[in-house]
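Below is one structure, written out as structure tokens, with a few remarks after it.
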Amino acid sequence: MSKSTKIALIGAGNMGGALVAGWLRTKRSGVTPQDLIIIDPAPSDVVQALIEQYQLRHVATATAKLLAEIDLAVLAVKPQALEKTAAELAPQLPAQCAILSLMAGITMTRLTTLFGDRPVVRAMSNTAAALGAGISVCVANDAGSAIETLATRLLKVAGPVEWVNDERLIGAATAVSGSGPAYVFLLAEALAGAGFAEGLPRELADKLARQTIIGAGALLAGSDKTPQELRRSVTSPGGTTQAAIDVLMGGGGGLPELVRQAVSAAERRSRQMGAEPPGR
Ligand SMILES: NC(=O)C1=CN([C@@H]2O[C@H](COP(=O)(O)OP(=O)(O)OC[C@H]3O[C@@H](n4cnc5c(N)ncnc54)[C@H](OP(=O)(O)O)[C@@H]3O)[C@@H](O)[C@H]2O)C=CC1
Ligand SMILES: O=C(O)[C@@H]1CCC=N1
């Protein structure tokens with residue numbers, strides 16, 4: 001496909017909005033405002049602002065006339081909205097139109113059942129995509145290999161892009177990096193709460209927790225050391241960190257075991273979502 005690929009974004013919320021913002025911000029995405037159609041009855045505030053800033057075409061529901069020129073439909077609705085979205089969209093999508101699905105759990109088989117045999121790429125990103133600090137893991141069906149270069153270019157604005165051959169790994173990636181930011185935000189909440197419980201003023205506890213996670217992220221980003229090495233560099237023998245780590249690593253496997261179980265639950269849920277009948 002050429003640089004002037006016409007793209008319809010179906011669902012302009014957190015995830016769709018993060019990608020569109022990146023496309024319009026970054027020239028190397030190859031996406032111009034004229035290439036884009038936003039399809040969503042109620043786009044997020046971020047996308048609404050982009051629609052106004054770039055004079056993007058926007059409709060609540062797709063029409064056959066509008067979709068006739070589309071080369072790529074980017075699916076970014078919630079899995080629960082998929083059946084309704086497919087009923088509106090599938091009969092009108094041109095035969096040559098490819099699909100890039102950002103949806104968790106929804107398998108290639110389900111996508112081709114709903115939308116017909118066509119090139120499909122499934123990608124799992126995360127909301128840090130909005131800052132170009134996400135990461136995407138992708139898989140293509142046989143026909144989808146024709147749009148791998150295009151998908152990589154579009155997703156690269158969101159952060160690194162990895163490809164796998166085994167679709168089942170998308171569920172594992174969803175559980176690690178798709179949902180992962182929420183685990184880190186929970187840690188920030190818990191750290192702030194613990195600081196408050198130790199007597200810090202609420203605002204200072206929140207600030208310390210937030211900046212600590214930002215700083216730790218910056219160290220991960222800027223260092224060649226492994227997370228384990230970085231942790232050890234904070235942990236003086238017999239010191240305060242060691243006392244805390246003993247608690248976090250203790251009792252029944254501690255935090256690593258809890259994270260293992262959490263990621264396993266997310267992966268399992270992703271498989272259930274793929275198997276669920278419409279509307280669940
Ligand atoms: N949020 C995240 O961290 C991540 C999300 N994902 C995946 O991205 C997808 C979207 O998630 P997220 O962005 O959080 O969801 P949002 O609810 O923020 O965005 C979805 C948007 O789609 C709109 N919508 C619903 N039905 C239709 C329709 N028939 N046609 C067009 N638009 C429609 C919604 O409108 P309304 O609100 O009015 O229903 C909403 O604006 C999901 O499938 C999720 O699995 C993947 C990785 C990370
Ligand atoms: O919670 C979810 O289902 C989506 C997929 C990954 C992050 N959010």
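So which residue, out of 121, 46, 31, gets the largest mean-square fluctuation from a GNM of the chain using Cα contacts under 10 Å as springs?
Comparing 121, 46, 31 in a Gaussian network model of the chain, the most mobile one is 46.
Kirkwood-based Rg over Rh for the range 122-229 (C-alpha set), two decimals? Can you show the working numbers first?
On the way: Rg = 17.6 Å, Rh = 15.9 Å.
Expressed as Rg/Rh, it is 1.11.
Determine by what factor the alpha-carbon radius of gyration of the range 112-173 differs from 2.2 N^0.38 Å, reporting the quotient.
Numbers: Rg = 11.7 Å, N = 62, 2.2 N^0.38 = 10.6 Å.
Taking N as the residue count of the range 112-173, the ratio is 1.11.
Identify which of 67, 56, 200 has the largest mean-square fluctuation in a Gaussian network model of the chain, with springs joining Cα atoms closer than 10 Å.
Sorting by GNM fluctuation, first place goes to 200.
Could you work out [θ]222 nm for the chain from helices alone, using -39500 (n - 2.57) per DSSP H run of at least four and dividing by all its residues? Round to the nearest 500 deg cm²/dmol.
Values: 12 runs with 135 residues, N = 280.
That calculation yields -14500 deg cm²/dmol at 222 nm.
How far apart, in nm, are the 7 Å Cα→Cβ label points at residue 60 and residue 233?
So the two model labels end up 5.5 nm from each other.
What is the ratio of the Cα radius of gyration of the range 180-272 to 2.2 N^0.38 Å, where N is its residue count, to two decimals? Don't skip to the end; give the middle numbers.
Values: Rg = 15.0 Å, N = 93, 2.2 N^0.38 = 12.3 Å.
With N residues counted in the range 180-272, Rg over 2.2 N^0.38 Å equals 1.22.
Give me the Å³ per residue figure for the convex hull around the C-alpha atoms of the range 7-170.
Details: hull volume 16.1 nm³, N = 164.
That works out to 98 Å³ per residue.
Could you calculate the FRET efficiency of residue 272 with residue 182 from 1/(1 + (r/R0)^6), where r is the beta carbon distance between them and R0 is 22 Å, rounded to 0.05?
Values: r = 18 Å, r/R0 = 0.83.
E(calc), rounded to 0.05, equals 0.75.
According to a simple spin-label model (label point 7 Å from Cα along Cα-to-Cβ), what is the distance in nm between residue 92 and residue 169?
3.7 nm
Given Cβ point charges of +1 (Lys, Arg) and -1 (Asp, Glu) and nothing else, what value in debye, to the nearest 20, does the dipole of the range 12-123 about its Cα centre take? Intermediate values should be presented prior to the final figure.
On the way: 10 positive and 9 negative charges, 51 e Å.
That gives the range 12-123 a dipole magnitude of about 240 debye.
Is there a quick way to get the dipole size of the chain? I mean about its Cα centre, with the Cβ of Lys and Arg at +1 and of Asp and Glu at -1; what is the value in debye to the nearest 20?
On the way: 26 positive and 24 negative charges, 52 e Å.
Using Cβ point charges on Lys, Arg, Asp and Glu, the chain gives about 260 debye.
Would you please name the GluC sites (Glu not before Pro) within the range 193-280 that are DSSP coil residues with at most 13 other C-beta atoms within 10 Å of their C-beta?
Working: sites: 198, 203, 229, 257, 267; in loops: 198.
Here the sparse-neighbourhood loop sites are 198.
Across the chain, how many lysine pairs, 8 or more apart or on two chains, come within less than 18 Å at their alpha-carbon atoms? Write out the running numbers ahead of the final one.
Numbers: 3/27; 3/156; 6/27; 6/65; 6/156; 27/156.
Qualifying lysine pairs in the chain: 6.
Going by how many other Cβ atoms sit within 10 Å of their own, how do 115, 185 line up, fewest first?
Values: 115 21, 185 12.
Ranked by crowding around the Cβ, least crowded first: 185, 115.
Using alpha-carbon pairs under 8 Å, 6+ residues apart, how would you state the relative contact order of the chain in percent?
Values: 427 pairs, mean separation 45.7, N = 280.
Here the relative contact order equals 16 percent.
If the only charges are +1 at each Lys and Arg Cβ and -1 at each Asp and Glu Cβ, what is the size of the charge dipole of the range 180-272 around the Cα centre, to the nearest 20 debye? Please report the intermediate quantities before stating the final value.
Values: 10 positive and 9 negative charges, 59 e Å.
Here the size comes out at about 280 debye.
Hull surface divided by four, with the convex hull built on the Cα atoms of the chain: how many nm²?
Values: hull surface 68.1 nm².
Quarter of the Cα hull surface area: 17.0 nm².
Name the residue, out of 133, 173, 192, whose mean-square fluctuation peaks in a Gaussian network model built on the chain with Cα pairs under 10 Å.
192
Modelling each spin label as a point 7 Å along the Cα-to-Cβ direction, I'd like the residue 212/residue 196 distance in nm, to one decimal.
For residue 212 paired with residue 196, the spin-label model returns 1.5 nm.
To the nearest 0.05, how large is the calculated FRET efficiency for residue 246 and residue 224 if R₀ is 35 Å and r is the Cβ-Cβ distance? Numbers along the way, then the final one.
Numbers: r = 28 Å, r/R0 = 0.79.
With R0 = 35 Å, the Cβ-Cβ based efficiency is 0.80.
Residue farthest toward the positive end of the dipole of the range 199-280, with Cβ of Lys/Arg at +1 and Asp/Glu at -1: which of 274, 264, 215?
Selected residue: 274.
Where a number appears in this text, it was derived from the coordinates with a stated rule and is not lab data. Please read these numbers as outputs of a predicted model, since none were measured by experiment. Neighbour counts run over all protein chains shown; Cβ positions are idealised from the backbone, glycine included.
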